[in-house]
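See below for the structure under consideration.
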Amino acid sequence: MTQVDPEGPNSDQIEFWNGDGGRKFIKYQHALDVMIGPFGDAAMAKLEVQQGEVALDVGCGCGATTIELARQVGSRGEAVGVDISEIMLARAEDVAAHAEATNVFFEHADVETSPLHRDSFDIAFSRFGVMFFQNPVTAFSNIARVLHDKGRIGFACWQPIDKNPWLGLQMQAVLPFVDPPEPMPADAPGPFSLADPDRIRQVLSESGFTDINVDGFTPDIILGATHDLDDAVDFGLEMGPAGTLLEGADDGTIAKATAAVRSALAPHHGAEGVKVGAAAWIVTARRG
Ligand SMILES: C[S@@+](CC[C@H](N)C(=O)[O-])C[C@H]1O[C@@H](n2cnc3c(N)ncnc32)[C@H](O)[C@@H]1O
């Protein structure tokens, strides 16, 4: 049963994650799980997940973290992944079936607008799934509402793009060949909407959370989770802000952008692959 209103406040995100955004994520799912895995692991570790707990995975995407939460809560617990993307949830269902995970459930829901059906979660978790809300306080209040009194939240969100060369290098490289991106407010829904730690604290406290901790986490990333420079270039051209800027570009533009991205990434290429910096916030809080 769908609870997602395609005309609601998050209509642009619903279209994106059910369209090209979701399709690219599915295509690179295995690489992404390797690349952003440590950020989810760091947030999950801070949550100190206990056996028997019931966990909510917000913006669960293709489900790897929901399955990991299910493993950590054990057979007496449950993990529920919610997402606005039907195509990513379909992949998540497949992965969970393959993993024979019996305590994992998925729900097609917009965390901001949907009446989430359970209201007895011990923990809410997200790996980069909480930056896309049109009205973050409404969304985080909805999450607080379904948590037990003193329930915990833990999530990873990106620091600003200039601290994330794994996304920024390609974007800078393609900019000379495309129309400049439309100026957007820093807090507009998107990967960097929670880049300012003061905003994170404000949004969470207005949503009913307390004991808010925002810690930096800055591991390097192997771009595309591959040793191969050309594969890393392909990944860099498709995913993230560079991929968005190049959508609908003609062959000539793509050729120039490919050469520029290759030149930008080559100096970072070594035995492990293209190794570049990344920076996220690992945030924890509890329902106040
Ligand atoms: C960057 S992806 C992260 C996916 C997944 N957590 C992972 O780490 O692989 C962001 C996810 O948030 C989901 N999302 C965005 N807005 C949402 C909303 N309002 N309610 C539920 N999910 C949402 C998207 O559909 C997408 O799957």
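With every protein chain kept in place and ligands, DNA and RNA left out, what is the accessible area per residue of region 172-244? Probe 1.4 Å, answer in Å². Numbers along the way, then the final one.
Numbers: 3730 Å² over 73 residues.
For region 172-244, the per-residue accessible area is 51 Å².
Go ahead and collect, in residue order, the members of region 173-196 whose backbone nitrogen is under 11 Å from a label point 7 Å along the Cα-Cβ direction of residue 234.
Output list for this probe position: empty.
Tell me the per residue accessible area of region 1-148 using a 1.4 Å probe; a whole number in Å² is fine.
43
Using the structure shown, select from 24/163; 163/256; 46/256 the pairs with a Cα to Cα distance greater than 32 angstrom.
With Cα atoms farther than 32 Å apart: 46/256.
Expressed as a whole percent, how much of the Cα-Cα distance distribution for region 199-274 exceeds 21 Å? Provide the component values of the computation, followed by the final result.
Working: 1359 of 2850 pairs.
Of all Cα-Cα pairs in region 199-274, 48 percent lie more than 21 Å apart.
Roughly what % of Cα-Cα distances in the chain sit above 25 Å, to the whole percent?
Every Cα pair in the chain considered, those over 25 Å come to 46 percent.
Percent antiparallel among DSSP beta bridges with both residues in region 27-125, to the nearest 5?
On the way: 0 of 13 bridges.
Around 0 percent of the beta bridges assigned by DSSP in region 27-125 are antiparallel ones.
Set the Förster radius R0 to 51 Å, insert the Cβ-Cβ distance between residue 148 and residue 272 as r into 1/(1 + (r/R0)^6), and round the FRET efficiency to 0.05.
0.75
May I ask you to give the percent of accessible area on the chain that is carbon plus sulfur, with a probe radius of 1.4 Å?
Roughly 51 percent, rounded to a whole number.
What figure in square angstrom, to the nearest 10, would you give for the accessible area of residue 110 with a 1.4 Å probe?
Number for this one is 10 Å².
What is the pair-distance distribution P(r) of region 1-154, computed from all Cα-Cα distances in 10 Å bins starting at 0, with each bin given as a whole percent?
12, 44, 37, 7
Given 10 °C and 1.306 mPa s, compute D for region 49-102 with the Stokes-Einstein relation, Rh being the Kirkwood radius over Cα pairs; round to the nearest whole µm²/s.
It comes out at roughly 147 µm²/s.
Out of region 52-147, which GluC sites (Glu not before Pro) are coil in DSSP terms and have no more than 11 other C-beta atoms within 10 Å?
Hits after loop and neighbour filter: 100.
For the chain, find the longest principal axis of its Cα atoms and tell me its angle to the long axis of helix 136-145, 0 to 90°, nearest 10.
Helix 136-145 sits roughly 30 degrees off the main axis of the chain.
Can you give the extra length, in nm with one decimal, that the chain gains between residue 45 and residue 199 once fully stretched, where that is 0.36 nm per residue apart less the Cα-Cα distance?
Taking 0.36 nm per residue and subtracting the Cα distance, the gain is 53.1 nm.
Which residues among region 240-257 fall inside the zone where the amide N is under 17 Å from a point 7 Å beyond the Cα of residue 23, along Cα→Cβ?
Counting only backbone N, you get 240, 243-251.
Note the full-extension length gain between residue 206 and residue 12 as 0.36 nm times their separation in residues minus their Cα-Cα distance, in nm to one decimal.
Details: separation 194, 0.36 × 194 = 69.84 nm, distance 2.47 nm.
Roughly 67.4 nm would be gained on extension.
Taking K and R as +1 and D and E as -1, what net charge do the other residues with C-beta under 15 Å from the C-beta of residue 250 add up to?
Net charge around residue 250: -2.
Taking H placed 1.01 Å from N in the peptide plane, check which residues at least 5 places from residue 126 or on another chain put their amide H under 5 Å from its amide H.
58, 154, 155, 156
If you put +1 on each Lys and Arg Cβ and -1 on each Asp and Glu Cβ, how big is the dipole of the chain around its Cα centre, in Debye rounded to 20?
Value, rounded to 20: 760 debye.
What value, in deg cm²/dmol to 500, does the helix sum -39500 (n - 2.57) over DSSP H runs of n ≥ 4 give at 222 nm once divided by the residues of the chain? The partial results should precede the final answer.
Values: 11 runs with 120 residues, N = 288.
So the calculated ellipticity at 222 nm is -12500 deg cm²/dmol.
Considering only the other residues whose Cβ falls under 13 Å of the Cβ of residue 281, what net charge follows from Lys and Arg at +1 and Asp and Glu at -1?
+2
The values are calculated or read from the model by the stated rules, or taken from the named source; none is laboratory data. Here the structure is a predicted model, which is why all the values come from computation and not from measurement. Every residue, glycine as well, gets a Cβ built from its backbone with ideal geometry; the counts of neighbours run over all protein chains shown. Remember, those area values only see protein heavy atoms, side chains included, never the ligands or the DNA or RNA. Shrake-Rupley method; radii C 1.70, N 1.55, O 1.52, S 1.80 Å.
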